[in-house]
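Comments concern the structure below.
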Amino acid sequence: MRKLFSVVVLSVLAMAGTVVAQDNPIYLGVTLGYNNFLNANAANIPNAAEAASPSWTDKGAVLGFEAGAYLAPELRVLVGGGFNRTVKPGHAYTPAIYDNAGNMIVPGYGETPNRTNMNYTFFVGGDFCPNMNGNVRPYAGIRGRGAYCLNTEKYVFDKAATIEGSEKKFAETWNLGGAIVFGADYSFSGGLIVGCQFDLFSYTYAAVQYKSQGGVKPNVGRCCSIGFIAAPTLRVGFNF
């Protein structure tokens, strides 16, 4: 799954590079919409795997970034997303110290594993924006979206202090989907644009898998979500 997401992200970046190379107005903006970032916790694996709901009604709001360009006067392409990686180095097992009488004088510490968390989200899309000869410009388009999170926990120091075969575990979750969107932008002087959009129709497939220790089959959960007139989003940006 990580390879698939990497291919998608690289494809999006390559397309964005091609777009920017054109002699067309460039668009940069921020959005306020539902939060599509995912989280997973390998340290607290549940008995039953259940994928995170991809429905916008189950998520909070978040600021996002988008960029695009007009390939033609009425055709705009857009990309956006975000990435985060967090690493927490672990430490080896520290034995306790005892005196000659067997009394513990310095307590020991258990091994702490290396923990890594990586998550990112992306979207790519295109809009048809008819010129209405006014400040208000409606548009309709399509969006392809995705989000991914991988959380790992790995023991690399004192294997004897861990349960045999449990030195590495992970939690991985992702979603992929698409939508037909409709919205409108209001243009001010100087290139400032304020707009809003919503999904006329959307579909998202989500999955999660947990692996509690080496040599065991991952525990997998899946779900899907269908939306109509959903996910309202506010947009503010500039045309350059």
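Rule-based calculations on the coordinates, nothing more; no lab input. None of these values were measured; they are calculated from a predicted model. With ideal geometry, Cβ positions are generated from the backbone for all residues, glycine too; neighbour counts draw on all protein chains shown.
Annotation note: GluC sites (Glu not before Pro) in region 164-240 located in DSSP loop regions with a Cβ neighbour count of at most 15 within 10 Å are 164. The GluC sites (Glu not before Pro) of region 41-136 meeting both criteria, a DSSP state outside H, G, I, E and B (loop) and at most 14 other C-beta atoms within 10 angstrom of the site's C-beta, are 50, 74.
When 222, 143 are ordered from fewest to most other Cβ atoms inside 10 Å of their Cβ, what list results?
Numbers: 222 12, 143 20.
Lowest to highest Cβ neighbour count: 222, 143.
Can you put 149, 224, 196, 129 in order, fewest other beta carbons within 10 Å first?
Numbers: 149 22, 224 13, 196 16, 129 19.
Going from sparsest to densest Cβ surroundings: 224, 196, 129, 149.
Taking amide H as placed 1.01 Å from N in the peptide plane, residue 129 has its amide H under 5 Å from the amide H of 75, 76, each at least 5 places away in sequence or on another chain.
Phi angles across region 193-203 convert, under the Karplus curve 6.51 cos²θ - 1.76 cosθ + 1.60 with θ = phi - 60°, into 3J(HN,Hα) values of 10, 10, x, 8, 8, 8, 7, 5, 8, 9, 9 Hz, Gly and Pro given as x. Legend: distances between Cα atoms for 88/168; 169/217; 59/88; 88/154; 154/211; pairs beyond 19 Å are 59/88.
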